[in-house]
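Comments concern the structure below.
No lab work stands behind these numbers, since they all come straight from the coordinates. In this text, all values refer to a predicted model and were calculated from it rather than measured experimentally. Cβ: placed from backbone, ideal geometry, glycine included. Neighbour counts: every protein chain shown.
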Amino acid sequence: MDRFDWASEIETQEREAAIARARENGSAEIPLVIAGVRCCRDCEEPIPAGRLRVRPDAVRCVSCQERHERRLQDAG
Ligand SMILES: [Zn+2]
């Protein structure tokens, strides 16, 4: 029986880690699309194609993403 508890404990930890990872890289957030163009969620400027090639899941332009990550770090 302990084995089942252990397994569900691991499962919970993995799920939480996946959510935290998704939160960090922004993939959990829904991209903003204006007229078929992927735009930054914060400043609503189109995200450069080069950035989307490197980060297909990007929902922010580089400067807004950096600011966003700093906010996350400040929040602890
Ligand atoms: Zn932006």
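If packing is taken as the average number of other Cβ atoms within 10 Å across a peptide's residues, how do 51-57, 64-70, 38-44 rank, most packed first?
Values: 51-57: 12.3, 64-70: 15.0, 38-44: 16.6.
Packing order, densest peptide first, comes out as 38-44, 64-70, 51-57.
Show the residues, 5+ positions off or on another chain, whose built amide H is closer than 5 Å to the amide H of Cys39.
Leu32, Val33, Ile34, Ile47
Would you kindly state how much longer the chain becomes between Glu29 and Glu16 on full extension, computed as 0.36 nm times their sequence separation minus their alpha carbon distance, in nm to one decimal? Write out the running numbers ahead of the final one.
Details: separation 13, 0.36 × 13 = 4.68 nm, distance 1.61 nm.
Here the segment from Glu29 to Glu16 would lengthen by 3.1 nm.
Applying 1/(1 + (r/R0)^6) with R0 = 25 Å to the Cβ-Cβ distance of Ser63 and Ala7, what FRET efficiency is obtained, to the nearest 0.05?
On the way: r = 43 Å, r/R0 = 1.73.
Once rounded, the FRET efficiency stands at 0.05.
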